Structure formats: C-alpha cells, structure tokens
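Notes to accompany the following structure.
The values are calculated or read from the model by the stated rules, or taken from the named source; none is laboratory data. The structure displayed is predicted, hence computed values, not measured ones. Note that each Cβ is placed from the backbone with ideal geometry, even for glycine, and that neighbours are counted across all protein chains shown. In case anyone asks, the SASA skips ligands and DNA or RNA and just uses the protein heavy atoms, side chains included. Shrake-Rupley method; radii C 1.70, N 1.55, O 1.52, S 1.80 Å.
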Amino acid sequence: MIKNLILLFVLISLVSCSNKSQEKPNFTKYSFENILSYNNEDTIFIKSKFSDCGEWGGHEELIKIYRSEDRNPKLSYTKFKVDCGVRDSRGSIIQTKMLTKDIFLSNSQQLVLMKYMNDLMKSKFLNKEISNSGNSFYLSNTKEDLKISHHGNQQILLESYNNLMTSLKLPKVNIDNR
C-alpha cells in the first residue's frame, strides 16, 4: 500500500512537471507593426480640431503613423495655428502650419498611442452633446476600415490627448472650454 502511494506521488509529480515545462506564457503583443501593412501604403491618421475660436472652430493638429523605409513605426506631427479674426472667402478660419516633427516610435510611445485610441473608442459611450462649439477628435486609416470620431467638450478626451502629447514630447493643448 505504501509502495503504491509513493509510486502514485512520483507519477503525479512527473506528470505535473512535464505539463509545466510545455506551457507557453500567455503573452499578447500589441504593436503598430501588426496593424500597418508591410507595403508602406498604410497610414493611421489622428486629426484633432480645437475650439480656440468658440463655435467658429480653431487650430488643427494632425498625426500620421506609418512604416518608415526601414519598416519601423514612425509618426509625423503637424500643428497649425489660427488667428480667430482672419477668415477666407467662405468665412472659415485660415490654418497656418506652425510646427512639424517626425518621431520614430518606441514601444512605450506605441502603447500610449494605443491607449489614446482606446480612450477615443470609449468616448463613443459618453452622452452626446448638442453644441456648435467643442473639440473634435478623429481616428482613421488609408484602408478606410478604421473610423472613430468624437465632438464635444468632454474634458476626459482633452486630458487623454494631452497625455499623448506629453508622452510624445509634443506641445500640450490649452483650451479653456467656453
């Protein structure tokens, strides 16, 4: 009887050890390399429009995420400035390019971009605002199979955007909501 118990414990320990050595860790790798195609034709766009001039709109910022020639994720940022008193013939505020910057994305910067995109997706669950004034945030890609947008004065999206800007070492947006 004791021999049988000892044999049983030895068999159980051998079986349990062999299963553990064959198990692979459950690790999911999120990366822009998985969403951007290898042919360098894919681009993700993050376009933001702020309410510097109230219901007339305000300055725009554009982020493009794409594969560089060496196939690494790269970001191109363009910030525009506006003078709320100057308009074109249609009455639209004139955007003037103020700043451009290119960044090769680190893994941590990719994660912050993904967090921002996730926050933008979650904003679709917020109450809709009816207003002519507010900030607009857009996310899309060249394949047109990714489109998310939100317009309004929710502070949470502006905070998320500013966290993104800080992580990318780009200027934060300072808009006082009217």
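When we screen Met121, Met114 for residues that are assigned to a helix (DSSP H, G or I), loosely packed, with under 15 Cβ neighbours inside 10 Å and in contact (Cβ under 8 Å) with a residue 60 or more places away in the chain, the only hit is Met114. Scanning segment 48-100 for residues that are among the aliphatic types (A, V, I, L, M) and open to solvent by 80 Å² or more (accessible area, probe 1.4 Å) turns up just one, Met98.
Could you tell me how many of the residues in segment 127-164 are among the hydrophobic types (A, V, I, L, M, F, W, C), open to solvent by less than 50 Å² (accessible area, probe 1.4 Å) and under 18 Å from Asp52 (Cα atoms)?
3
Within segment 15-31, at least one residue is surrounded by fewer than 10 Cβ atoms within 10 Å (Cβ to Cβ), modelled with pLDDT of 65 or more and under 21 Å from Tyr116 (Cα atoms). Given Asp83, Asp52, which one is assigned to a loop (DSSP other than H, G, I, E, B) and in contact (Cβ under 8 Å) with a residue 40 or more places away in the chain? On inspection, the qualifying residue turns out to be Asp52.
Those residues that are touching a strand residue (DSSP E or B) at 6+ places or on another chain (Cβ under 8 Å) and either on the phi > 0 side of the Ramachandran plot or assigned to a loop (DSSP other than H, G, I, E, B) (or both), I need them from segment 86-98; list them, please. Talk me through it step by step, then tell me what you get.
Restricting attention to segment 86-98, the residues satisfying the condition of being touching a strand residue (DSSP E or B) at 6+ places or on another chain (Cβ under 8 Å) are 86-87, 93-98.
Result: Val86, Ile94, Gln95.
One residue stands out in segment 66-80 among those that are part of a strand (DSSP E or B) and polar (S, T, N, Q): the one that is nearest to the chain's Cα centre (by Cα), namely Ser76.
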